[in-house]
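Peer 1: A single structure is presented below for examination.
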Amino acid sequence: MVMRKLQLELPLNQTQKVRFKRAMERLQFLSSTTNNSVIVADSIHEDAFLLKGHGTSEVDGELMATVCGVVTHVDKLVYIRTLRARYKPEVKDIVVGRVIEVSKSCWRLELNSTKDGILKLSSMDNDVQRRKTYVDELNMRNIIVEDDVVCAEVGCIHRDGGLELRATSYKYGKLEKGQHLMVDPYLVKRSNIHFHYIESLGIDLIIGRNGFIWVGEHVQAQDHMILDDEMIKHTSLETRQSILRIGNAIRVLSNLGFTMTLEVIMETFNLSNAENIDVYDMLGSEFHVLVAENELERRIRRA
Amino acid sequence: MEYVNPEGLRLDGRRFNEMRQIVAEVGVVSKADGSAVFEMGNTKVIAAVYGPREIQNKSQQKKNDHAVVLCEYSMAQFSTGDRRRQKFDRRSTELSLVIRQTMEACILTELMPHSQIDIFLQVLQADGGTRSACINAATLALADAGIPMRDLAVSCSAGYLNSTPLLDLNYVEDSAGGADVTVGILPKLDKVTLLQMDAKLPMETFETVFALASEGCKAIAERIREVLQENTKQLEYRRAA
Amino acid sequence: MEGRLANMWRLTVNESKFVETALQSELRVDGRGLYDYRKLTIKFGKEYGSSEVQLGQTHVMGFVTAQMVQPYKDRPNEGSLSIFTEFSPMADPSFEPGRPGESAVELGRIIDRGLRESRAVDTESLCILAGKMVWSVRIDLHILDNGGNLVDAANIAALAALMTFRRPDCTVGGENGQEVIIHPPEEREPLPLIIHHLPIAFTFGFFNKGNIVVMDPTYVEEAVMCGRMTVTVNANGDICAIQKPGEEGVNQSVILHCLRLASSRAAATTKIIREEVEAYNRERSLQKVKRHPTLAKSEVSGPTVAVKEEYRKSSDQEKAAEISREHVERLKLSPEELRSSKEQEATNFKGGPSNWDPYSEAMDVDSLKVSLASEGDSITKSSSKKKTNGSGNAQKDGGEISVEEVTGDLGKKDTKHKDGEMTLKDAVKPKKKRKNKT
């Protein structure tokens with residue numbers, strides 16, 4: 001329970017506890033009244049003619065849940081949307097991963113999923129279609145090495161679970177000058193835009209569907225195969241502070257279990273600025289309570 | 001020594017069919033995919049589950065189209081009264097094997113081929129019934145990690161002292177030399193997965209003790225369901241639209 | 001690591017399907033009924049407390065030894081009983097040498113629970129001086145061949161070894177009553193352990209999601225089965241231990257059914273074990289009765305004693321050969337005697353493979369010579385002798401080395417034994433002579 005995690009990390013004093021509790025209760029009240037959540041071995045009430053999807057299993061004619069989650073209907077399909085599970089890859093998802101191995105003509109990425117992602121050298125295509133030679137293979141380490149953070153797109157998923165990634169455009173590839181954060185995958189919803197460029201701050205924000213988020217200084221999209229010989233430009237203090245602030249905003253939201261969208265993140269960021277809270281204090285109990293109350297108001301506004 | 005006084009009260013004041021107090025929490029280890037703390041009276045166990053993730057050691061894969069389940073049971077050296085000498089002894093090895101096989105029976109390993117699920121169990125306080133507490137904690141942690149399971153595996157122990165079957169023995173009652181029956185069941189499917197007994201019991205007495213332990217398991221199952229339901233609801237409404 | 005995986009025998013899909021479909025029609029692959037056990041043979045070794053059990057193809061040896069140690073602090077009046085298992089790689093390619101693996105530890109603990117926690121062996125009688133000295137009994141179980149169902153076989157081996165074990169008698173004496181005097185077996189008869197009841201283990205295998213139950217699964221069936229359960233019961237109707245370590249869930253009714261099956265068979269198996277042990281004890285006591293007065297210190301069988309005496313008298317190797325041949329003829333003439341001493345021969349052999357029955361094949365004189373000669377050598381219990389004995393037998397089993405050479409070796413030993421000093425010439429001489437003879 002996230003609440004308990006908070007109690008472990010942050011001691012809330014009495015007033016804070018009361019405020020927090022109230023905010024949570026009202027949030028609960030706001031959320032949809034039909035309670036579709038099930039746990040393992042609960043039976044699902046089904047109508048006939050339903051396709052049984054993920055998280056369900058039929059035992060003796062009765063449909064039972066095999067995971068804890070929420071029952072979702074899409075047309076004739078009934079499945080269970082899990083909450084705290086590992087990332088389930090879907091084709092064309094944008095993901096951020098960390099390199100764990102460089103092997104012959106491919107990189108292996110850790111994606112917080114059941115299987116590691118494989119980024120093949122040949123999938124790092126550019127506009128200039130060029131066949132990769134052995135020279136490129138030897139140069140692999142000069143481009144991307146272990147522990148680098150890489151952004152890519154899910155290419156295809158094999159039957160045995162093997163996951164192939166593609167980094168076919170300039171916006172994908174190695175990510176530099178920033179911070180890499182890990183949140184639960186269920187907090188990141190599928191949307192049209194995952195690459196956000198916050199102009200006012202000069203910051204790139206990439207929200208990967210696998211729960212890995214990248215906050216960094218804005219870098220012009222360029223060919224990642226060309227080795228950059230220029231001197232690495234120094235990032236200004238302001239930009240770095242903004243990066244940290246956004247990073248902490250994401251951490252607070254993840255602790256509280258709220259969905260990550262650009263809107264919510266920016267609101268939290270602005271809130272911290274408005275309240276003149278120091279970057280480190282953002283992880284303190286007061287700010288958590290403030291964010292919870294703010295979220296409540298935001299949802300009321302939206303509803 | 002008298003373990004059940006003439007009025008029917010045990011050493012800690014419970015009746016013969018009363019269980020110790022249960023406290024269960026989910027999501028306590030932030031780094032793990034799923035985690036839980038399970039307390040039965042003074043026995044406290046923490047479980048952490050990692051997975052399903054890429055298989056680390058290819059040689060451990062015996063069945064190609066199933067996930068590999070690994071389990072490690074260890075007692076912290078401060079868990080018992082006197083400091084324990086070794087962390088991993090033969091008892092820990094046997095319990096790791098037994099708990100692993102119990103959880104394997106309820107995880108749907110066919111759905112996650114070529115992957116590995118690690119279950120780590122650490123006993124923080126030992127006061128009898130640690131293996132039952134471990135199985136219950138592991139179930140909670142696996143459900144928290146979103147790993148598909150056939151049913152929730154729950155476990156409870158019972159014994160026989162002073163001619164009375166007793167539910168949920170603590171350490172003093174366990175080391176009295178009477179029988180100790182540990183039962184693990186899948187409540188919804190009504191099947192027995194784990195059954196261990198030591199010390200001698202005549203057949204009829206065994207049946208009584210076994211039935212008592214099964215009842216205890218059902219009560220624990222109720223409690224675990226409550227905790228999981230509450231947790232799922234909370235996560236869902238926070239996540240919101 | 002890779003080697004182990006390569007060595008691990010894997011079941012083919014074909015085989016597993018076959019076993020399962022056969023079981024659905026209540027047929028087992030080796031023709032047994034669902035609840036039938038394979039053939040059980042129990043043999044004993046030369047030492048007290050060593051046994052050898054064969055259950056079908058499964059082959060287990062058990063050894064019991066005792067040592068005087070300080071007792072545990074919380075149990076000052078009780079001795080201790082500990083079980084060690086050795087899963088040798090010769091039994092199964094997937095066993096690794098060194099530290100016991102999971103299954104070895106589990107097997108040890110199942111048997112331990114059955115024996116110790118059910119108080120089958122009386123530990124209070126193992127106390128010598130309360131709080132200071134107690135007997136610590138150690139059971140070593142060696143798995144020689146894994147044909148499935150190791151638990152049952154190992155349990156019976158442990159029980160048989162415990163029942164035939166004798167510990168030295170000791171008295172407490174001395175000035176302040178704190179000295180412990182251990183009496184050697186020649187002075188006082190060693191004592192047996194006090195065993196209250198015999199807990200026997202029965203293993204069940206579950207198939208088809210727990211609907212089909214089988215007793216005494218073989219190696220192939222173990223690879224196919226989805227769950228198992230070991231029940232340890234004694235003949236009095238008590239359940240001593242149960243081990244169902246997870247795996248497939250079964251109904252409660254199936255479990256109770258298994259318990260009843262086990263209880264009903266406990267009496268029969270107990271009877272078999274007790275009979276074998278009694279037969280062995282009887283022979284042992286017969287041997288003692290036949291003991292020759294001049295050789296008071298050793299327990300040797302009747303015919304071989306005569307051989308030894310003759311050996312001592314003649315220093316000539318030829319004569320010895322003649323004598324042994326004489327004895328062979330003598331023995332040949334009395335086949336009944338032969339058969340009665342068959343068991344003795346088998347039991348007096350140390351280090352020989354247990355299946356080796358000296359009278360199984362058509363008897364040839366030379367091999368009998370070998371056996372008699374080696375018996376003759378076992379006067380003192382020096383370990384070197386035993387080693388050479390063992391090597392001699394092993395060589396014979398190899399079948400490659402000619403019998404003459406073996407007898408030659410033993411002949412060498414004789415000279416060593418007699419004179420105490422030996423030269424290379426002595427070693428060479430007898431060999432030549434034997435070759436000339438035959």
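Peer 1: Quick test for you: out of B:51, B:13, B:81, pick the one residue that is more than 23 Å from the chain's Cα centre (by Cα), not hydrophobic (A, V, I, L, M, F, W, C) and not in a helix (DSSP H, G or I).
Peer 2: None of the other options fit; the residue is B:13.
Peer 1: Which of (1) within 26 Å of residue A:147 (Cβ to Cβ); (2) more than 11 Å from chain B (Cβ to nearest Cβ); (3) out of contact with any strand residue (DSSP E or B) (no Cβ under 6 Å at 6 or more places or on another chain) does residue A:78 not meet, given it meets every other one?
Peer 2: Answer for residue A:78: the failing condition is (1).
For (1) within 17 Å of residue C:140 (Cα to Cα); (2) not hydroxyl-bearing (Ser, Thr, Tyr), each residue gets a yes or a no:
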residue	(1), (2)
C:53	yes, yes
C:57	no, yes
C:61	yes, yes
C:67	yes, yes
C:72	no, no
C:96	no, yes
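Peer 1: When you scan region C:246-269, how many residues do you find that are in contact (Cβ under 8 Å) with a residue 24 or more places away in the chain, outside any helix (DSSP H, G or I) and surrounded by 23 or more Cβ atoms within 10 Å (Cβ to Cβ)?
Peer 2: 2
Peer 1: Kindly check whether there is at least one residue in region C:120-136 that is closer than 22 Å to residue C:266 by Cβ, touching a residue at least 12 places away in the same chain (Cβ under 8 Å), surrounded by fewer than 16 Cβ atoms within 10 Å (Cβ to Cβ) and not small (Gly, Ala, Ser).
Peer 2: Scanning region C:120-136 turns up at least one residue that is closer than 22 Å to residue C:266 by Cβ, touching a residue at least 12 places away in the same chain (Cβ under 8 Å), surrounded by fewer than 16 Cβ atoms within 10 Å (Cβ to Cβ) and not small (Gly, Ala, Ser).
Peer 1: Does residue B:46 satisfy the criteria of being within 14 Å of chain C (Cβ to nearest Cβ) and buried (at least 19 other Cβ atoms within 10 Å of the Cβ)?
Peer 2: The answer is no for residue B:46.
Peer 1: Exactly one of (1) touching a helix residue (DSSP H, G or I) at 6+ places or on another chain (Cβ under 6 Å); (2) outside any loop (DSSP other than H, G, I, E, B) is unmet by residue C:284. Its number?
Peer 2: Tallying (1) touching a helix residue (DSSP H, G or I) at 6+ places or on another chain (Cβ under 6 Å); (2) outside any loop (DSSP other than H, G, I, E, B), residue C:284 fails exactly one: (1).
Peer 1: Tell me yes or no: at least one residue of region B:89-100 is in a strand (DSSP E or B), of a type outside the set (Val, Ile, Thr) and in contact (Cβ under 8 Å) with a residue 12 or more places away in the chain.
Peer 2: no
Peer 1: Determine whether region C:265-275 contains at least one residue that is farther than 20 Å from residue C:115 by Cα and touching a strand residue (DSSP E or B) at 6+ places or on another chain (Cβ under 6 Å).
Peer 2: No: region C:265-275 contains no residue that is farther than 20 Å from residue C:115 by Cα and touching a strand residue (DSSP E or B) at 6+ places or on another chain (Cβ under 6 Å).
Peer 1: Quick one: which strands (runs of 3 or more DSSP E) lie wholly within region B:113-179 and hold at least 3 residues that are touching a residue at least 60 places away in the same chain (Cβ under 8 Å), away from chain A (no Cβ under 14 Å) and surrounded by fewer than 24 Cβ atoms within 10 Å (Cβ to Cβ)?
Peer 2: Passing ranges, in order: B:115-125, B:164-167.
Peer 1: Being farther than 15 Å from residue A:186 by Cα and either among the hydrophobic types (A, V, I, L, M, F, W, C) or surrounded by 20 or more Cβ atoms within 10 Å (Cβ to Cβ) (or both) is the filter here; which residues of region A:80-95 pass it?
Peer 2: Result: A:91, single match.
Peer 1: Another question, then. Residue check: is residue B:213 farther than 20 Å from residue A:40 by Cβ and facing chain C (nearest Cβ under 9 Å)?
Peer 2: no
Peer 1: Out of curiosity, is residue B:83 out of contact with any Pro (no Cβ under 9 Å at 6 or more places or on another chain), basic (Lys, Arg) and either touching a residue at least 24 places away in the same chain (Cβ under 8 Å) or buried (at least 24 other Cβ atoms within 10 Å of the Cβ) (or both)?
Peer 2: No; evaluated as a whole, the condition is false for this residue.
Peer 1: Something else about it: Across region A:32-56, which residue is modelled with the lowest pLDDT among those that are surrounded by fewer than 17 Cβ atoms within 10 Å (Cβ to Cβ) and at the interface with chain B (Cβ under 10 Å from one of its Cβ atoms)?
Peer 2: Per the stated criteria, the residue is A:32.
Peer 1: Assigned by TED's automatic domain parsing to the domain that holds residue C:41, closer than 30 Å to residue C:228 by Cβ and of a type in the set (Val, Ile, Thr): which single residue out of C:139, C:182 fits that description?
Peer 2: Exactly one residue qualifies, and that residue is C:139.
Peer 1: While we're here: From the set of residues in region C:221-245 that are touching a Leu at 6+ places or on another chain (Cβ under 7 Å) and farther than 21 Å from residue C:155 by Cβ, which is nearest to the other protein chains (Cβ to nearest Cβ)?
Peer 2: Within region C:221-245, the match that is nearest to the other protein chains (Cβ to nearest Cβ) is C:223.
Peer 1: Filter region C:77-125 for residues that are basic (Lys, Arg) and either more than 10 Å from chain B (Cβ to nearest Cβ) or in a loop (DSSP other than H, G, I, E, B) (or both) and give the result.
Peer 2: Residues satisfying the conditions are C:99, C:119.
Peer 1: Pick from region B:15-42 the residues that are of a type in the set (Val, Ile, Thr) and surrounded by fewer than 24 Cβ atoms within 10 Å (Cβ to Cβ): which of them is farthest from the other protein chains (Cβ to nearest Cβ)?
Peer 2: B:22
Conditions (1) modelled with pLDDT of 90 or more; (2) within 24 Å of the chain's Cα centre (by Cα), marked per residue:
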{"position": "A:114", "(1), (2)": "no, yes"}
{"position": "A:121", "(1), (2)": "no, no"}
{"position": "A:138", "(1), (2)": "no, no"}
{"position": "A:145", "(1), (2)": "no, yes"}
{"position": "A:149", "(1), (2)": "yes, yes"}
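Peer 1: Against the condition within 13 Å of chain B (Cβ to nearest Cβ), β-branched (Val, Ile, Thr) and out of contact with any helix residue (DSSP H, G or I) (no Cβ under 8 Å at 6 or more places or on another chain), how does residue A:94 come out, does it pass?
Peer 2: no
Peer 1: Let me spell it out: the conditions are (1) touching a strand residue (DSSP E or B) at 6+ places or on another chain (Cβ under 8 Å); (2) free of Cβ contacts under 8 Å to residues at least 60 places away in the same chain, and residue A:89 meets all of them except one. Which number is the exception?
Peer 2: The one condition residue A:89 does not meet is (2).
Peer 1: Just wondering, is there one or more residues in region A:172-186 that are more than 25 Å from residue A:253 (Cα to Cα) and out of contact with any strand residue (DSSP E or B) (no Cβ under 6 Å at 6 or more places or on another chain)?
Peer 2: There is at least one residue in region A:172-186 that is more than 25 Å from residue A:253 (Cα to Cα) and out of contact with any strand residue (DSSP E or B) (no Cβ under 6 Å at 6 or more places or on another chain).
The values are calculated or read from the model by the stated rules, or taken from the named source; none is laboratory data. The model shown is predicted, which means the values in this text are computed figures rather than measured ones. We place every Cβ from the backbone using ideal geometry, glycine too, and count neighbours over all the protein chains shown.
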